[in-house]
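Below you'll find the structure, written out as structure tokens, and then a few comments.
Throughout, read-outs are computed from the coordinates displayed, never taken from laboratory work. This structure is a prediction, so every number in the text was calculated from the model and none was measured. All Cβ positions, even for glycine, are placed from backbone atoms using ideal geometry, and neighbour counts span all protein chains on display.
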Amino acid sequence: MTAINKDLVLFNELVEVLIAEEFENPVAERIDSNKLYDSIDLSLNDDGMIDDEFKSLLSNVLVSTPKTATNLFFNQLFGGRQSKAILGDLLAVMLNNSMYTYKVAGPQVGIEQEIISQSCNLIGYGAKSNGTFPTGGSMSNYMALVMARDAKDPMCRLNGMSKPLIVYTSKESHYSNSKNASFAGIGRNNIRYIKTDSKGMMIPEQLEEQIIEDLKNGGIPTYLNATAGTTVLGAFDPIDKIADITEKYAIWLHVDGAYCGSVIFSEKYKHLLKGVERSNSFSYNAHKMLGTPLTCSIILVNDKKQLHESFSNDADYLYQTDGDDFNLGKTSFQCGRRNDALKFWTLWKSVGKNGLEHIVDKQFNLATIALDYIRSNPDYTLYSFDDSISVCFNYKNIDPTTLCNALYEHQVTVVGFGSFKEDTFIRLVTINANNEKEDILNFFKVLEEFVAKTPELRKVKEVIEL
Ligand SMILES: *Cc1c(COP(=O)(O)O)cnc(C)c1O
């Protein structure tokens with residue numbers, strides 16, 4: 001057997017250990033961070049480790065790593081496992097292509113382009129559209145901002161920033177917006193955070209008022225980042241109404257669908273993105289709602305010229321054969337680029353668009369189950385809304401931060417908390433499409449049982465209220 005054959009056997013053994021462990025202990029035993037280096041041997045040494053020890057160490061590391069695919073993990077905007085996507089990602093590792101040229105990536109280029117063109121069709125972009133696979137949703141937002149900046153001030157690419165460009169997003173948008181404004185040379189103080197309504201959606205009238213004021217002060221409105229699925233509440237900004245304004249003032253409209261943009265696959269929920277075809281760019285993360293392994297992020301542009309104008313650079317040592325349509329490095333941020341497309345393609349190919357639709361709809365069904373449970377139980381207070389897979393609530397008025405941390409420290413379930421306006425609450429994300437109704441009901445059961453046997457939790461809140 002060659003080395004790789006042997007290691008793949010080892011891989012399979014380790015995967016069995018992991019899957020058995022996930023079944024036995026859906027929440028990994030937590031290692032206190034200040035005891036980490038004393039608990040597992042993570043040291044790197046002059047001499048290598050012999051095979052048997054290596055195997056048992058690896059198995060230790062696997063067992064003690066937080067488990068994101070189990071039915072008690074609700075902490076993040078990803079979870080579960082789509083096995084056909086995992087297959088694709090493992091193959092991508094074996095192939096180890098880099099996506100910059102056709103010479104090196106061959107058919108993988110076509111795989112990426114097929115996903116991009118199908119996605120463009122789904123959102124109603126026309127023949128000039130195209131896109132790329134950035135490293136994530138934050139990078140997608142960044143690329144959109146750079147295109148917007150260059151479209152408004154083309155000379156900026158040569159001379160640097162010289163104009164007072166202003167960008168807009170809502171108070172509930174992703175934090176990458178503020179970092180990106182600084183990276184792009186626009187500056188964090190030149191972002192306007194537009195107020196949201198009681199459901200966390202950007203208020204278009206407030207946006208227009210702000211634009212008018214900026215114009216009066218000599219600012220140049222340049223870019224608007226609308227969110228399709230805000231990070232906390234899962235709210236959708238009203239794209240159609242926002243597009244009326246961005247078109248009127250010639251502002252680049254980017255729709256950040258990192259979290260919930262995958263509703264493009266659902267007949268039932270795609271109306272949440274109404275007007276998206278009027279945007280200049282749109283991004284979504286297949287590693288969130290569609291359940292591919294991290295990371296798998298796609299940005300689409302209505303006019304591919306803009307992607308080229310901001311991101312292409314000649315490099316004779318790299319681009320030696322084939323046309324620009326096949327040399328994808330001409331439209332990417334980085335040079336060497338991991339093949340994030342294959343895992344999405346193996347999933348899509350094997351389940352079809354209908355299968356992807358089912359994955360998306362399932363998450364809304366699970367959210368409805370959670371919402372119904374909360375609404376029918378007076379011990380709970382609900383803070384989120386319909387048409388969202390972020391279900392936000394508090395239980396028996398217990399301080400949500402204390403409760404979340406206690407649930408995590410006692411390995412009961414992994415869930416996070418969030419805030420909207422004055423409220424802080426637990427945020428249950430029903431994004432794991434492998435879950436069933438029982439898993440959602442079980443979440444509430446383990447939470448309630450834990451609270452019942454942990455009276456200190458209720459005291460904390462009483463003390464605060466005094
Ligand atoms: C997750 C998320 C992002 C960031 O995506 P990464 O892939 O984690 O960089 C951006 N915007 C929204 C709305 C998100 O939910």
Show me the ranking of peptides 441-450, 295-304, 366-375 by mean Cβ neighbours inside 10 Å, starting with the highest. 295-304, 366-375, 441-450
Rounded if a/c is under 1.5, else prolate if a/b is larger than b/c, else oblate: which is the range 97-341, with a ≥ b ≥ c the root eigenvalues of its Cα gyration tensor? oblate
Over the chain: helical MRE at 222 nm, DSSP H runs n ≥ 4 each giving -39500 (n - 2.57), nearest 500: -14000 deg cm²/dmol
Phi to ³J(HN,Hα) by Karplus 6.51 cos²θ - 1.76 cosθ + 1.60 over the range 5-15, Hz, x for Gly, Pro: 4, 4, 5, 6, 5, 4, 4, 4, 5, 5, 4
Separation of alpha-carbon centers, the range 256-315 and the range 97-138, rounded to whole Å: 11
In straight Cα distance, which aspartates and glutamates are under 12 Å from Lys270, not counting same-chain residues fewer than 8 positions off? Glu357, Asp361, Asp387
J(HN,Hα) series, the range 332-338, from Karplus relation 6.51 cos²θ - 1.76 cosθ + 1.60, nearest Hz, glycine and proline x: 10, 6, 8, 9, x, 9, 5
Need one word for the range 3-67: rounded, prolate or oblate. Basis is the Cα gyration tensor (sqrt eigenvalues a ≥ b ≥ c); a/c below 1.5 gives rounded, then a/b vs b/c decides. oblate
Here Rg/Rh (Cα, Kirkwood) for the range 243-353 equals 1.01
In terms of Cα to Cα distance under 26 Å, which lysines are near enough to Lys35, apart from those fewer than 8 places away along the same chain? Lys55, Lys67
12 Å Cα-Cα reach of Lys248 towards aspartates and glutamates, excluding residues that sit fewer than 8 places from it in its own chain: Glu208
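Tally Lys and Arg at +1 and Asp and Glu at -1 over the other residues with C-beta under 15 Å from the C-beta of Thr346: what net charge comes out?
Cβ neighbours under 15 Å give a net charge of +1.
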Using the structure shown, list the pairs from Lys216/Lys241; Lys171/Lys330; Lys179/Lys241; Lys84/Lys152 with a Cα-Cα distance above 31 Å, or answer none. Lys171/Lys330; Lys84/Lys152
Looks like the range 354-442, by Cα gyration tensor root eigenvalues a ≥ b ≥ c and the a/c under 1.5 rounded cutoff (else prolate when a/b is bigger than b/c, oblate otherwise), is prolate
Quick one: how many lysine pairs does the range 342-456 have with C-alpha atoms less than 19 Å apart and a gap of 8 or more or different chains? Give me the count, please. 7
Lys179-Asp244 FRET efficiency (beta carbon distance; Förster radius 22 Å; 0.05 resolution): 0.15
From the convex hull of the Cα coordinates of the chain, what is the mean projected area in square nanometres? 26.3
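So how strong a dipole does the range 330-404 carry about its Cα centre when Lys and Arg Cβ are +1 and Asp and Glu Cβ are -1, to the nearest 20 debye?
My answer is approximately 640 debye.
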Can you give me the Cα centroid spacing of the range 145-185 and the range 66-96 in angstrom? 33
Could you compute the net charge surrounding Asn75? Neighbours are other residues with a C-beta less than 14 Å from the C-beta of Asn75; K and R count +1, D and E count -1. +3
Residue by residue, what Karplus-based ³J(HN,Hα) values in Hz, rounded to whole numbers, does the range 353-367 have, using 6.51, -1.76 and 1.60 with θ = phi - 60° and x for Gly and Pro? 4, 4, x, 5, 4, 4, 4, 5, 4, 4, 5, 5, 4, 5, 5
At a threshold of 8 angstrom on Cα-Cα distance, excluding pairs fewer than six apart, so keeping six or more, what relative contact order does the chain reach in percent? 20
